[in-house]
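A short reminder: the numbers here are calculations on the coordinates, not readings from a lab. Since this is a predicted model, take the numbers as computed values, not measurements. Virtual Cβ from ideal backbone geometry, glycine too; neighbours counted across all protein chains shown.
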Protein chains: 2
Amino acid sequence: MSGHVVALCGGVGGAKLAHGLSMALAAVADSLSIIVNTGDDFQHLGLSISPDLDSVMYALAGLSDPVKGWGRRDETWRFMATLRDLGGESWFQLGDTDLAVHVERSWRLAQGATLTAVTAHLCKALAIGARILPMSDDPVRTRVLTAEGWMDFQDYFVRHQCQPAVREFMFFGAATAHPQPEALAALKRPDLRAIVICPSNPFVSVEPILAVPGIRAAIQQARAPVVAVTPIIGGKAIKGPAAKMLTELGLDVSAAGVARRYVGLIDGFVVDHSDPAPEPLPGVTFVSAATLMSSVDDRLWLARAVLRAADTLVA
Amino acid sequence: MSGHVVALCGGVGGAKLAHGLSMALAAVADSLSIIVNTGDDFQHLGLSISPDLDSVMYALAGLSDPVKGWGRRDETWRFMATLRDLGGESWFQLGDTDLAVHVERSWRLAQGATLTAVTAHLCKALAIGARILPMSDDPVRTRVLTAEGWMDFQDYFVRHQCQPAVREFMFFGAATAHPQPEALAALKRPDLRAIVICPSNPFVSVEPILAVPGIRAAIQQARAPVVAVTPIIGGKAIKGPAAKMLTELGLDVSAAGVARRYVGLIDGFVVDHSDPAPEPLPGVTFVSAATLMSSVDDRLWLARAVLRAADTLVA
């Protein structure tokens, strides 16, 4: 089946499926747009850092570190060690090769380029075929309300290592942000085949994207089925604080707990084949598949299963 | 003999003698201030780069690359290679460890710190005892008039590798720059023992310092003898374009050609022991010493010779 696929994606976990989709759709030009969360973006040491865009780029370019699960493979840390010796801020790890992306992005942004244009340039340099799009060129900053008060996302995520219990999320700037125009246009394409919500954290990866005006409505009105993939297997998150957040918010720590947040938006939801089928949810068809992506083959396999599922659903 | 010594210094060559002086005077606290040219400073990829301050810091911290003559020893280039792959500007070499200094400096400057404060912080982190002072906290930018028109210094020096013939120099911003207050105060100290003009390029290392209002006058009025060291041996510059510039400006390519630029300012001038004694110059005592600094011992040896010479002269 042909047609354009749009993926919504956060960082590492979502990036794996985005990579799978890019492999599954590689034979056809202009077959995949990936809308990436930029709510995690932040300024650090004067640099503009976009962790999720980088995770997706690195995954699609085959540059991800397979062991750490973040950053680049074969990374070195001489910059970081020297910065530490100089008394610089060392809570956020910047690898020597990763840093080149941050410096080049920051410099181009400072020259007036949009995040979209910078991302397109980097993708071209990394020979990435799929279109990777920030959800918006306007800054949106996720903030987390914890028992210790509101925190910037990276402060919560990296510096506090997700320790504080979360109560609420805010996507600062989202209300006045403009959706990235190509992202919005992709969601409205007549040849749209599927919209895939990658197995990313619903609270801090997917919902910031949905908070950008126009994106949620475009997904709801799209001609294609919307399929989300669970980030929770056996009551645990593969990576990151999704399960911990579900618990702290008093929600069901399960695939169903995530699916419930997407009711009214999705047509299908992929649960892991090792999990029981969830209780029915209005308008949601549950599909079972192997969702754990340990290898690159797993990514392609899951991507194909998700596309197959979408092709059987009606928007 | 005790007392405070002030050195005026540019990049690599001058930094070697500054290192020699710091070793010669290490036993006594607060015995050395090094006023460093910042006319070479520039913005690159959004970073604030101070090549001469770094050369002096690295020399005094024992971090200079002994082979290349610039940058840090045991440097790696993974950032640079990645930046090149990304299509970034690669004409100015940024090593992985060197980059930490640029990022930390840029970040602190962006936060509102003065270049003096940033330099003091970096020197403390690198356990440097001597006081390294920028000539001014205000930006001064050396520009070079060539047959191809005016060029920014780094454009001439690195990108064009000093190929275009020079006609004139301009120190943009110097006329309204404030001299670094501690530098000016050091030149006025009652216990001043000597002012040393290091074997730096007179046109683009020393004269930018002298162009900052108040510095030349403070040197002329100082209570201590002023001794300059030749950057020219046997009609050639040890390093850099000093000899080429003397030729292009129609000046004598010799120690005397350099000494003549300092008449009215210096009391002594150290020529290399392999060169003949120059023709007399008004107010200048010529001293002969081994000025080639191939080893760290040579630096200390020359520093001692310069201090001995100063101690025999009258301001």
Next item on the list: State the residue of chain B whose Cβ is nearest the axis carrying B onto A, and the distance in whole angstrom.
Entry: B:Asp96, 2
Note to self: Suppose only helical runs count, i.e. DSSP H with n ≥ 4. What mean residue ellipticity at 222 nm does that imply for the protein assembly as shown under -39500 (n - 2.57) per run, divided by all residues and rounded to the nearest 500 deg cm²/dmol?
What the structure shows: -9500 deg cm²/dmol
Margin query: At 7 Å along Cα-to-Cβ for each site, give me the label-to-label distance between B:Arg223 and B:Asp65 in nm.
Written below: 4.4
Next item on the list: Quick one: work out the % antiparallel among DSSP beta bridges in chain A, nearest 5.
Entry: 40
Check: When each copy gets a label point 7 Å from Cα toward the beta-carbon at A:Met1, what are the spacings between them in nm, shortest first?
Finding: 9.1
Next item on the list: For peptide A:70-82, compute the average count of partner chain beta-carbon atoms within 10 Å of each residue's beta-carbon.
Entry: 4
Next item on the list: Using DSSP, restrict attention to beta bridges with both residues in the protein assembly as shown and report what percent are antiparallel, rounded to the nearest 5.
Entry: 40
Next item on the list: Considering the convex hull of the alpha carbon atoms of chain A, report its projected area averaged over all viewing directions, in nm², one decimal.
Entry: 15.3
Checklist line | Cβ crowding within 10 Å averaged over residues, with A:201-207, A:258-264 ranked highest first | finding: A:201-207, A:258-264
Next item on the list: Determine, from the Cβ-Cβ distance of A:Ala117 and B:Lys124 and an R0 of 56 Å, the FRET efficiency 1/(1 + (r/R0)^6), rounded to the nearest 0.05.
Entry: 0.85
Margin query: Please flag any cysteine in chain A that has no other cysteine's Cβ under 4.7 angstrom from its own Cβ.
Written below: A:Cys123, A:Cys162
Next item on the list: Tell me the trypsin sites (Lys or Arg not before Pro) within the range A:110-201 that lie in a loop according to DSSP and have at most 15 other beta-carbon atoms within 10 Å.
Entry: A:Lys188
Checklist line | At 7 Å out from Cα toward Cβ: A:Gly234 inter-copy label distances (nm, ascending) | finding: 7.6
Notebook entry, point to check: What's the average, rounded to a whole number, of partner chain beta-carbon atoms within 10 Å of each residue's beta-carbon in A:120-127?
Noted result: 2
Notebook entry, point to check: Hey, what D do you get for the range A:1-115 in µm²/s if you plug the Kirkwood alpha-carbon radius into Stokes-Einstein at 4 °C and 1.567 mPa s?
Noted result: 84
Checklist line | Shielding by partners - mean other protein chain Cβ count within 10 Å, residues of A:103-116 | finding: 3
Next item on the list: Quick one: check the C-alpha center-to-center distance for the range B:164-218 versus the range A:255-315, whole angstrom.
Entry: 70
Note to self: With the crude spin-label approximation of a point 7 Å out along Cα→Cβ, what separation in nm comes out for A:Ala277 versus A:Gln93?
What the structure shows: 4.2
Next item on the list: Sort shortest first the distances from A:Ala147 to its counterpart in every other copy, using label points 7 Å along the Cα-to-beta-carbon line, and give them in nm.
Entry: 7.5
Next item on the list: Place the peptides A:212-219, B:298-305 in order of packing, highest mean first, counting for every residue the other Cβ atoms within 10 Å and averaging per peptide.
Entry: B:298-305, A:212-219
Next item on the list: With everything on Cα atoms, drop me the angle between helix B:296-312 and the longest principal axis of chain B, reported from 0 to 90° to the nearest 10.
Entry: 40
Next item on the list: Measure nothing but the geometry: give the 0 to 90° angle between the long axis through the Cα atoms of B:115-125 and the longest principal axis through the Cα atoms of chain B, rounded to 10°.
Entry: 90
Checklist line | Calculated on alpha-carbon atoms, Rg and Dmax of the protein assembly as shown in Å | finding: 31.0, 102
Check: Hey, what angle do you get for helix A:12-24 against the long axis of chain A, alpha-carbon based, 0 to 90 degrees rounded to 10?
Finding: 60
Checklist line | Over 30 Å between alpha carbons, listed pairs B:Lys16/B:Lys244; A:Lys124/A:Lys188; A:Lys188/A:Lys239 | finding: A:Lys188/A:Lys239
Notebook entry, point to check: Roughly how large, in nm² to one decimal, is the mean projection of the convex hull of the alpha-carbon atoms in the range B:131-193?
Noted result: 5.9
Next item on the list: Any chance you could run the full-extension gain for A:Ala29 through A:Thr176? It's 0.36 nm times the residue separation minus the Cα-Cα distance, nm to one decimal.
Entry: 49.6 nm
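Tell me the Kirkwood radius of the range A:58-158: reciprocal of the mean inverse pair distance over distinct alpha-carbon atoms, in Å.
Its Kirkwood hydrodynamic radius stands at 15.8 Å.
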Notebook entry, point to check: For the range B:166-275, what ratio Rg/Rh do Cα atoms give with a Kirkwood hydrodynamic radius?
Noted result: 0.98
